[in-house]
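Here is the structure we will look at, set down as C-alpha cells.
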Amino acid sequence: MPTPADLVFHGGPVHTLGPGFTTATAVAVRDGLIIAVGRDAEVRPLVGAATEVVDLAGRALLPGFQDAHVHPVLAGITMIQCDLHDVHDADGALAAVRAYAEANPEVKWIAGGGWSMEWFSGGTPSRHLLDAVVADRPVHLINQDGHGAWVNTKALEMCGIDADTPDPVDGRIEREADGTPQGTLHEGASGLVGRHVPEPTPDTMLRALRAGQRRMHSVGVTAWQDAMVTPEVQRAYLAAAESGLLTARVLGALWWDRERGEEQVPELLARRGGAGRFRATSVKIMQDGVAENFTAAMTSPYLDGCGCHTGNRGLSFLDPERLRAHVTRLDAEGFQVHVHAVGDRAAREALDAFEAARAANGMNDHRHHIAHLQVVHPGDVPRFAALGITANIQPLWAAHEPQMDELTIPFLGPERAGWQYPFGDLVRAGASLAAGSDWPVSSPDPFWGIHVAVNRTVPGGDRGVFLPRQRLDLTTALAAYTIGTARVNHLDTRTGTIEEGKLADLVVTDRDPCSIPAGELAETSVLATYVEGRRVHTDPAF
C-alpha cells in the first residue's frame, strides 16, 4: 500500500501550467510536496484515514500566483495609516483625510496615500484643498502610483519649502503663478517633505508586512518580488521569516540610492542573503518616472495641451553612462538587476546597460528584468530576447481609462501612444514575460491583470479595446503570473507549476478561468490559497 497523502484535491480541472500545459483532475500532497498529478482514479489510492480531501466540485486548481513587482510592506503601511485606495474622487479623499485626522488626534503627521491624479484638474491636487480639512498638522499623502505627493501648507512651512526652493534634479515642485508651491510634489520633490515624516517603528513595519501578506494571499499570491527593499523593510522581512510569520516566498530587490554611486555596492553585498522564505539577491534601479507627470524618459519630447512639442523629454534618474557602469558592476557581483523603465528612452538605456554588462561579463543566469515598459520603441522590442532580459509587465494599466485617455495619450501623440505596453509584440519577438501588479499602485488581484492582458479593457470598461494587437492569450497570461515570475525569482525548479516533486503552493478558484468567456475573467475569485500544502487563506464561500 502506498503511503497516504496529507492532502488530496479531486473532481475539478487542474491546470498544471507545466510542460505542454496539461490538465489533470486530481493532485496529492505529502510533507508539503506534490506527490501525484493525474486523474481521480489514479490519485484515489493515496487517500488514507487521515488525508484531508478537497472536492473541487468543478472548481479549478492552479499553481499559486507569483507577483514580479509589488510593494506589500508599503501597501500595508498605507492600509494602517490614512488610506485613500478605497475612495473614488476628490471629495471622497478629502472626507477620508478629515475622518482619519479626527479619529487620530494624537498623530503628529497625517501620512498615507492612494489618491489618483485623474480626480484633480491637471492631475495636481492643491494644498488649499487639504488646508480646508487639516490645517493644524502637516499632511503628506503619496500618489497611488508612488511618483508624487500631495501636501498641505503646514507641511510645506515646517519643511521650509517656499517660492525660492529650487526643484531637485530628479523631481519638480508644482507651483502657483507667483512660484509658491501649489501642493503637488513630483518624483524626487516628494522627498523634500517625505524625509521629515516620522519613520514607522519596527513593530509598525511588521504589522504592515502581515497586513500586506494577508491581502496577497487573499488573491492567491504565494510568492513575490518586493521591488523596494530598504534596510527597514528588510528587517521586517527577516523578523517575519525567522519567527515563521512569513508564509510567502519573497525575493527582495534592494533599493539602489540614485543619489550615490558604486560606493554603496559593499553595503548591498553585506545585506545580500536572507532567512527562511526571504532572500535578498536582486537590486532595484529606478531609471525614470511616469508618463502622467511627464517624468518618464522619452526619446522625443512630450506634447503640450495643444499638440505642440515641448522641450521636455522626461527624466533619466541615472546618467546612461553611470547606469551602464552600475549594472555591469552589479552583474559582476552576482546580483540580479531589476530596472524601472516607463518611457522608451529609459527602456533603451536599461537595455544598453544590460548589453554592456553582457559584453563585459558574459552571459549568466542572474535573470535580469525591466519592469513596467509602458512605452517601448519598436526597434528595441527584439533586444529583450537577444539579451535574455525578461519583460516584467504590469498588465492592469494597458487599457483605456481616464488616466490613460486624459493624462497620457494626448501628451504622447498618436505614433508613440501606439507603442504602449507591447505585450504581444514582445512575445512574438521571443521575449520571456513575468507579470506583477505594482500594488499599491493598482490592485494586487492577478485575475484583474490577466483580464486586461487578455482583453486590453478594464473590467466593466466601455471605452473600447486598447491596441488589440497586443493582447495575450490566456495561457500566456497565466504563465506570466506563475512560472514566468517563478523563473525570474529563481523558484522555477520548486514552484510555478503543478508537477510531482514541486512545492504544494496552490490556489482554488471559484470557477474554471479556462472555460469562461474572456470578458468574465476579472470575476474569478480565489477560494483558498495553500503554501506547502498548508492553507493560508480561506474564503467563507469555500
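In a reduced charge model with +1 at each Lys and Arg Cβ and -1 at each Asp and Glu Cβ, the chain shows a dipole moment near 1360 debye about its Cα centre. Taking Cα centre as origin and charging only the Cβ of basic (Lys, Arg, +1) and acidic (Asp, Glu, -1) residues, the dipole magnitude of the range 109-194 rounds to 240 debye.
Among 212-222, 514-524, 380-390, 108-118, sorting by the average number of other beta carbon atoms lying within 10 angstrom of each residue, highest first, gives 212-222, 108-118, 380-390, 514-524. Inter-part distance, the range 65-133 to the range 471-524, computed on C-alpha centroids, equals 32 Å. If you restrict to DSSP beta bridges whose two residues both lie in the range 109-194, what percentage is antiparallel, to the nearest 5? Of the beta bridges lying entirely in the range 109-194, close to 65 percent run antiparallel. Mean projection of the Cα convex hull over all viewing directions, computed for the range 248-290: 3.8 nm².
The peptide list 129-135, 175-181, put in order of mean Cβ contacts within 10 Å with the highest first, becomes 129-135, 175-181. Once the Cα atoms are used to define both axes, helix 231-243 deviates from the longest principal axis of the chain by about 20 degrees. With contributions of -39500 (n - 2.57) from each DSSP H run of at least four residues, the per-residue ellipticity at 222 nm computed over the chain stands at -7500 deg cm²/dmol. Relative to the longest principal axis of the Cα atoms of the chain, helix 320-332 runs at roughly 30 degrees. When +1 charges are put on Lys and Arg Cβ atoms and -1 charges on Asp and Glu Cβ atoms, the dipole computed for the range 306-407 relative to its Cα centre reaches about 260 debye. In degrees between 0 and 90, to the nearest 10, how far off the longest principal axis of the chain does helix 446-455 point, with axes built from Cα atoms? Approximately 80 degrees, to the nearest ten. Pairs of C-alpha atoms in the range 109-194 farther apart than 20 Å represent 21 percent of all such pairs.
Note on the chain: semi-axes of the ellipsoid equivalent to its C-alpha gyration tensor, largest first and rounded to whole Å, are 39, 26, 23.
Hey, quick one: spin label on A135, modelled 7 Å out along Cα-Cβ, who in the range 100-125 has an amide N within reach, i.e. under 17 Å? Within reach of a label on A135: 101-102. Ordering V37, A68, G58 by Cα displacement along the dipole of the range 1-111 toward the positive end leaves V37 in first place; charges were set at the Cβ atoms of Lys, Arg (+1) and Asp, Glu (-1). Extending 7 Å from the Cα toward the beta-carbon at both F542 and T201 defines two label points whose distance is 3.3 nm. The Rg/Rh ratio for the range 1-94 is 1.24, where Rg is the radius of gyration of the alpha carbons and Rh is the Kirkwood radius. For K154, a cut-off of 22 angstrom between C-alpha atoms picks up these lysines, skipping any fewer than 8 places away in its own chain: K108. Within the chain, antiparallel bridges make up roughly 50 percent of the DSSP beta bridges whose residues both belong there.
Read the figures in this text as sums done on the coordinates, not as results from a lab. Treat the numbers as computed from the prediction; the structure is a model and nothing was measured. As a convention, Cβ positions derive from the backbone with ideal geometry for all residues, glycine included, and neighbour counts pool all protein chains shown.
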